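So the structure is just underneath, and the comments pick up after that.
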Amino acid sequence: MKPALDRLFGTLLALVAAPLIGLVALAVRTTMGAPVLVRQQRVGQHGVVFTMYKFRSMHPDRRQAPDRRQEARPSTADRRVCHKSKDDPRITPLGRSLRAWSLDELPQLWNVARGDMSLVGPRPELVHLVAGYASWQHDRHAVKPGLTGLWQVTERGSDALMHERVDLDLEYVNRLSFRMDVWLMLRTVLVMFGAARGY
């Protein structure tokens, strides 16, 4: 039932959120210019690579804005520290608000509606990080990646990086149930509002 419910509710949520999605897209285009969306290659169920969509929340990269190269792109070491951090110098003021309320992830409802993702599941990981996985870590790909999951409700706001908590993904896979998915979605709303107030 899970794939059918994901597509159904993903489509319904996308339709209900369409006005908000339009407003966010307009705000991004007006304050940050093009592109409005970020397209990233992520690894999905059974290791299949798909294109994931997000609203842009950072300054353009160095090819788009050479005058911002120094302040907008920290070193590799710094990026590990500021990953998902509200102090990341690459994030724009609007981007901070979008991330605080998880509005930057609204376009992923399209990924859910088309069957690339689930509403609940492990976070979709970057291709180059998955390439370095040990064999046991690939078990997280037994299910579709999700908009929310155990990492979002247990580690948001902590210093832990998503790709360093594969154990949470595997815990979700091992405990997969309809009841757990409902609990995680309810917890996500509470965590999101709590995180936004303290952002």
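Data overview
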{"item": "Any pair with Cβ under 9 angstrom, 6 or more apart, that starts in the range 90-101 at a residue that is more than 13 Å from Met32 (Cα to Cα) and at pLDDT below 90 and ends at one that is part of a helix (DSSP H, G or I) and among the acidic types (Asp, Glu)", "result": "Arg99/Glu105"}
{"item": "Positions within the range 89-112 being hydrophobic (A, V, I, L, M, F, W, C) and either in contact with a Lys or Arg (Cβ under 6 Å, 6 or more places away or on another chain) or assigned to a loop (DSSP other than H, G, I, E, B) (or both), in sequence order", "result": "Trp101, Leu106"}
{"item": "The range 128-145: number of residues that are modelled with pLDDT under 95 and touching a strand residue (DSSP E or B) at 6+ places or on another chain (Cβ under 6 Å)", "result": "1"}
{"item": "Members of the range 1-15 found to be farther than 17 Å from Val182 by Cβ and either among the charged types (D, E, K, R) or more than 20 Å from the chain's Cα centre (by Cα) (or both), listed by number", "result": "Arg7"}
{"item": "Of residues in the range 26-56 being outside any helix (DSSP H, G or I) and charged (D, E, K, R), the one farthest from Ala113 (Cα to Cα)", "result": "Arg56"}
{"item": "Complete set of residues in the range 96-134 that are over 13 Å from the mean Cα position of the chain (by Cα) and more than 19 Å from Ala18 (Cα to Cα)", "result": "Arg96, Asp116, Val127, His128, Leu129, Val130, Ala131, Gly132, Tyr133, Ala134"}
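Residue by residue, here is whether (1) surrounded by 13 or more Cβ atoms within 10 Å (Cβ to Cβ); (2) in contact with a strand residue (DSSP E or B) (Cβ under 6 Å, 6 or more places away or on another chain); (3) among the hydroxyl-bearing types (Ser, Thr, Tyr); (4) modelled with pLDDT under 95 holds:
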{"residue": "Met1", "(1), (2), (3), (4)": "no, no, no, yes"}
{"residue": "Leu26", "(1), (2), (3), (4)": "no, no, no, no"}
{"residue": "Thr30", "(1), (2), (3), (4)": "no, no, yes, yes"}
{"residue": "Gly33", "(1), (2), (3), (4)": "no, no, no, yes"}
{"residue": "Gly44", "(1), (2), (3), (4)": "yes, yes, no, no"}
{"residue": "Val48", "(1), (2), (3), (4)": "no, no, no, no"}
{"residue": "Tyr53", "(1), (2), (3), (4)": "yes, yes, yes, no"}
{"residue": "Ser57", "(1), (2), (3), (4)": "yes, yes, yes, yes"}
{"residue": "Asp61", "(1), (2), (3), (4)": "yes, no, no, yes"}
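The values are calculated or read from the model by the stated rules, or taken from the named source; none is laboratory data. Computed from a prediction, not measured in an experiment: that's the story for all the values here. So basically every Cβ, Gly included, is an ideal-geometry build from the backbone, and we count neighbours across all protein chains shown.
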